[in-house]
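The next block holds one structure in the form of structure tokens; read it before the comments.
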Amino acid sequence: MSSLAPYRKLIARLSLDAHDAPAAYRRRALWVAASLPGYVAGLYLTCVVLLLVGFATASDGLTGKLLVLAGLFMAILVSAALWVELPLPGGYPLDETEEGDGKLRRTLDKLAAKLQAPRIDEIVIDEQCAVSILAYPRWGLFGPSRHVLVIGLPWLQGLSPKQATAGIALEYARFGRRQGAVAAWFMRSRVFWPRYVAALPDEPGFFSRLVTGYFRRRWLYVQAYTLGLARELTLKTDADVAAIAGPDRTGQVMLRTAVLARWMDEFFWPELMRHADEDATPQKLPHRHMAAAFRQADRSIALRRTLKDEQTRKLPPEAPSPPLSERLAAVGQEASFVGMPEHTAAEQMLGAQLKPVIQALDEAWLEQIGPVWRKRHEDVQSARLWLANFGEPDLNDASVETLGRYAGALLTTGDRVRALPLLRRAAEHPQGTAETAWMLAQTLLEHDDVEALQYLELVMTRDVMRAAEAASMALEMSERHGKRERASAYRRLLGEAAVA
């Protein structure tokens, strides 16, 4: 689907179906979920039929032998086309043979027994403030399932051991059999197929494209058809975990996870990157100071504002999980935010492995962010030097080029308040450039300001090379904000560009 509009329309229709006839909807959702593995089974069944018919008629002449060869050849080609290696997610893999893995492995084994869930095969620590479990066959599409726990170090650093146990249980329960074997299979398939489709080669050969084209065309529709049932099962497993871990603790970890994750995205990482304006290299490593940052955040106005917003936040229709308010209601818990614990889950669950994990993630962050950090530092220093040499000009009669460059320098140094009015003047001028309109649109997009649409449209008219990219961004924003007429116009524009 090139646009979210038909996807959201389908989700809305299915939501009504689920409300009007829930039993019929559940049966249909399960059949649709089974269509992807069913397609694979159909391909191999065709190969088996060819082989059986070929063996049965092989003694009668050449036709039987050709059918056997056709069956074998087709099986080989289908297997090659379907084979995709799903790599482990990035992060620090915990080695069970190392000393001092603390309570994490023992906690997982206890949860597996309580939730009737499969054992976790591998544990990966990454830099997200989240926890998730990946399940996929060991050999592409075949073999027993392999379960990988991906657990964020910031998440462990922001929770108590008991809160983290409840949080892991919320994810783990989706793969357990307490809701039934069919429900466990269904939730595994919801996790697996998006990763499988994303791993398919971008430029497959003819036969590979022929075989895997079904997945590429159908998987978004499968996700839409099964979304309602997935949310229903999530609420049931939430209530199940609350009965084991307690509704208070289960509700606390839901709320604290959501609030800390948003606070990190909106305040922690941007504030850390702002140090690049002054420092040529990072002076503070994020994971080494994360727990201290969380303790300081518990007293901040920014986090209290995030907490208030998160409690009433509405998710887009295609969000895979129910809204936080619904999940809290399912466990019978009102929103109550508990501050930073004295001893974190990272300290107790990782034990002696905590230091090497922190060091590895900080080194990976330095390697990844180093070029971006240096570029930002150089850009800010150059902009400051240019502004200092330029002085305090009278911009009333300044040229469009001067306005754009002056505003761009202000924006680079972080002076958004002074930069935006000047950028608007430069972008809206009859002789304004696509580059200035693009710069302004990107700045407004960062704050999800619908005014960006006006300047994306200027980019479309001024720069034919960027028109399609600008139209895609405008389409996504207009759909997100419910501007249907503008979305239709952008969709037509993209269709004309594709034909051209």
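The values are calculated or read from the model by the stated rules, or taken from the named source; none is laboratory data. As the structure is a prediction and not an experimental result, all values here were calculated from the model. Neighbour counts run over all protein chains shown; Cβ positions are idealised from the backbone, glycine included. Keep in mind that these areas ignore ligands, DNA and RNA; they rest on the heavy atoms of the full protein, side chains included. Shrake-Rupley method; radii C 1.70, N 1.55, O 1.52, S 1.80 Å.
A few remarks follow.
- Across the alpha-carbon set of the chain, the Rg to Rh ratio works out to 1.02, Rh being the Kirkwood radius.
- Stokes-Einstein D for segment 279-433, Kirkwood Rh over Cα pairs, 37 °C, 0.692 mPa s (µm²/s): 159 µm²/s
- Rounded to 10°, Cα long-axis angle of helix 181-199 versus longest principal axis of the chain: 60 degrees
- Sulfur and carbon atoms: percent of accessible area, the chain [1.4 Å]: 57 percent
- Between helix 434-446 and the chain: long-axis angle, C-alpha atoms, 0 to 90°, nearest 10: 70 degrees
- Ranked by the mean number of other Cβ atoms within 10 Å of their residues, highest first, the peptides 461-469, 64-72 come out as 64-72, 461-469.
- Ranked packing of 353-359, 296-302, 46-52, most packed first, by mean Cβ within 10 Å: 353-359, 46-52, 296-302
- Total formal charge among the other residues, if their Cβ is under 15 angstrom from that of residue 201, Lys/Arg +1 and Asp/Glu -1: 0
- Straight-line reach from residue 284: taking Cα to Cα under 23 Å and skipping same-chain neighbours fewer than 8 places apart, the lysines in range are 355, 375.
- Cα-based Kirkwood hydrodynamic radius, segment 223-314, one decimal, Å: 15.9 Å
- Semi-axes of the equivalent ellipsoid for segment 386-500, Cα gyration tensor, largest first, Å: 29, 15, 10
- Counting only alpha carbon atoms, the long axis of helix 416-428 and the longest principal axis of the chain meet at about 90°.
- Surface accessible to a 1.4 Å probe, per residue, for the residues of segment 355-500, Å²: 58 Å²
- Check: the chain dipole with +1 on Lys, Arg Cβ and -1 on Asp, Glu Cβ, in debye: 1980 debye
- GluC sites (Glu not before Pro) within segment 284-333, DSSP loop, no more than 15 other Cβ atoms inside 10 Å: 318
- Convex hull per residue volume in Å³, alpha carbons only, for segment 16-131: 244 Å³
- Ranked by how many other beta carbons lie within 10 Å on average, peptides 237-248, 34-45 from highest: 237-248, 34-45
- For segment 311-344, the set of trypsin sites (Lys or Arg not before Pro) satisfying both a DSSP loop assignment and a count of at most 15 other C-beta atoms within 10 Å is given as 313, 314.
- Among the trypsin sites (Lys or Arg not before Pro) found in segment 107-183, those both in a DSSP coil and sparsely packed, with 12 or fewer other Cβ atoms within 10 Å of their Cβ, are 119.
- Whole-number percent relative contact order across the chain, with pairs defined as alpha carbons under 8 Å at least 6 apart: 15 percent
- Under the Debye formula (equal points on every Cα, no solvent term), log10 I(q)/I(0) of segment 53-194 at q = 0.14, 0.18, 0.21 Å⁻¹: -0.73, -1.05, -1.31
- Ordered from largest to smallest accessible area (heavy atoms of protein chains, 1.4 Å probe), the residues 76, 133 come out as 76, 133.
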